[in-house]
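First comes the structure, then the notes that go with it.
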Amino acid sequence: MCGGESLPVPLASAAPPRTRAPRKRGGTGSDIAPEAILTISLLMLICIGVVMVYSASSAAALLSDESPQGLLVRQGIYAVIGLIVFAACARLSPSRLVAIGKPAMIVSIAALVVVLMPGIGIMANGSRRWIGAGPVQVQPAEFAKLAIILWLAGYLCKNAGRLDEMKTMRVPLIAMMAMAVLIVVEPDLGTSVVLVGVALTMIVIAGAPARILGIITAGAVALGALGIAIAPYRRERLMSFLDPWADAKDTGYQIVQAKLAIGSGGVSGTGLGNGLQKVFYLPEAHTDMIMATVGEELGLIGFLGVIALVGAVVWSGYRIALSAPDQRQRLLAGGLTSLIGIQAIVNLGAVLGMLPVTGVPLPFMSYGGSSLVVFAAASGILVGIGRRSRARRSRNLTVVRSGDEPAHRDRGGRDGRAHHAGARAG
């Protein structure tokens, strides 16, 4: 049932069915709750991210006569805020979160329009993506990804029986395309790709037929192709991705420098803080290209370690989604996990030169408050769903095991047998 409570298991009245004894908790990794694995991995990623942001930014700041601890302090504050949001979201009811999906969508679309207005949206690196003043700046596109997941979880669940009708799917298609177009105009093609990818994944999880998926996918591909065609720099970036060494001093510069950073790290790295690419050569070493800094200073071991932690978060999230008690929570958990996984793939693909550079940060690691808070909130919701699912299974198991005893016990006799209805008490 969509969002409904699971029905209690009836007590056995005569001969209760034999139930398998629960597995003893022991030393196998499968006995560890997925929400615990997710929490530990998240904490480790945030800690590593704070350290690497400091390592990637301190030397350049010092050479520019700025405080080397400037970004460290800011990222530390963002990390504390993110952990508070994580703890709060883990305690919120998933049903209440899904209920605010529609208002969150309205607010997000309005914010995406406002950020494009001159004098309100803040320009940086040729993009108008932020709202705010001074150190307090918010990126609406990051929160839009969370809003569409909350809304789609409720909408797809409510219309589960009509997903084969184009009239039903027209609403999420229009909402998804509207948000994607507004984000592309900023311009921020990478975030729009992640948003569309997450929405399509949720539609697949909801069980939409192949015909509907084909139509939506074709529309998304056409929108992406149009976004690339109307912007010359995007075409150049795409061509440089295919052969970055052909123009290593211009369009392929960032990809080439990222590869040089990773390659110079070798297996064990040059040592924390000893990287050179981040100081003189690699652009955005503390944000989009933070994994290139990890590869240079911590080597292949550190690079694979971070990927393993991100993989543990995604694996745990999908386990939570599979064990969710209803379709609404399953869609919500699947969408949140897909957001983390898809964005990580897009970022790592750009760092390794396997995908075009799109300016997408790595979840939990890259510098930035909006991104860190959004992913911390997503992880907190996943942990909350996992805890509730585990508690519900525990209650159901308790009800089943209570059937081991007869429903009508003899409270006065010593033989434990029920008296005949007409018999007198001893």
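Here, each number is a calculation from the coordinates, and none is a lab measurement. As the structure is a computational prediction, the values presented were derived from the model and not from experiment. Methodologically, a virtual Cβ is constructed for each residue, glycine included, from the backbone with ideal geometry; neighbour enumeration extends over all protein chains shown.
Some notes on this structure:
- Sorted peptide list for 290-298, 201-209, criterion being average Cβ within 10 angstrom, highest first: 290-298, 201-209
- Net lengthening on full extension, Ala33/Leu304 (0.36 nm per residue, minus Cα-Cα): 95.2 nm
- Backbone N under 16 Å from the Leu238 label point (7 Å along Cα→Cβ), restricted to region 194-231: 194, 218-231
- One decimal place: the segment Asp247-Ala124 gains 41.8 nm when fully extended, by the rule 0.36 nm per residue minus the C-alpha distance.
- For the chain: span of alpha carbons on each principal axis (Å, largest first): 99, 53, 39
- For the residues Val185, Val73, Val383, a GNM of the chain with alpha-carbon springs under 10 Å puts the largest fluctuation on Val73.
- Nearest-20 debye value, the chain charge dipole, Cβ charges on Lys, Arg, Asp, Glu: 2380
- Cα-based helix-to-principal-axis angle, 369-401 vs the chain, degrees rounded to 10: 10
- Between 0 and 90°, nearest 10: helix 166-185 axis offset from the chain longest Cα axis: 30
- Dipole of the chain [Lys/Arg +1, Asp/Glu -1 at C-beta], most positive-end residue of Met166, Gly219, Ile131: Met166
- Taking 0.36 nm per residue of sequence separation and removing the Cα-Cα distance, the Asp65/Ala110 pair yields an extension gain of 12.3 nm.
- Inter-site label distance for Ala225 and Ala99 at 7 Å from Cα along Cβ, in nm: 4.5
- Three-way shape call for region 187-335 based on the alpha-carbon gyration tensor, with the a/c threshold at 1.5: oblate
- Shape index of region 182-248: Rg/Rh, with Rg the Cα radius of gyration and Rh the Kirkwood radius from the inverse mean 1/r over Cα pairs, equals 1.08.
- Cα centroid separation - region 83-117 against region 189-208, whole Å: 18
- Applying the criteria of a DSSP loop state and at most 14 other Cβ atoms within 10 Å to the trypsin sites (Lys or Arg not before Pro) of region 205-260 yields Lys249.
- With the convex hull drawn over the C-alpha atoms of region 140-199, the volume per residue is 67 Å³.
- Close amide-amide hydrogen proximity is noted between Arg129 and Ile122, Ala124, each under 5 Å apart and 5 or more residues distant or on a separate chain (H modeled in the peptide plane; Pro and chain starts excluded).
- For the chain, the number of Lys pairs with C-alpha atoms closer than 23 Å, counting only pairs eight or more positions apart or on separate chains, is 8.
- Across region 236-246, computed HN-Hα scalar couplings (Karplus, 6.51 cos²θ - 1.76 cosθ + 1.60, θ = phi - 60°) run 5, 5, 5, 5, 5, 5, 5, 8, x, 6, 5 Hz from first to last residue, x flagging Gly and Pro.
- Paramagnetic reach from Ser264 (point 7 Å along Cα→Cβ, amide N under 19 Å) across region 40-71: 52-64
- For region 262-317, the square roots a ≥ b ≥ c of the C-alpha gyration tensor eigenvalues yield an a/c of 1.5 or more together with a/b not exceeding b/c, which makes the shape oblate.
- Summing charges over all other residues whose Cβ lies under 15 Å from the Cβ of Arg128, with Lys and Arg as +1 and Asp and Glu as -1, gives -2.
- On Cα atoms only, tilt of 34-63 relative to the major axis of the chain in degrees: 20
- Three-way shape call for region 106-263 based on the alpha-carbon gyration tensor, with the a/c threshold at 1.5: oblate
- Considering only Pro232, Val185, Ala153, and ranking their Cα positions along the charge dipole of the chain that arises from unit charges at the beta-carbon of Lys, Arg, Asp and Glu, the one farthest toward the positive end is Ala153.
- Backbone geometry of region 90-95 corresponds, through the Karplus equation with coefficients 6.51, -1.76 and 1.60 at θ = phi - 60°, to 3J(HN,Hα) couplings of 5, 9, 7, 6, x, 5 Hz, x marking Gly and Pro.
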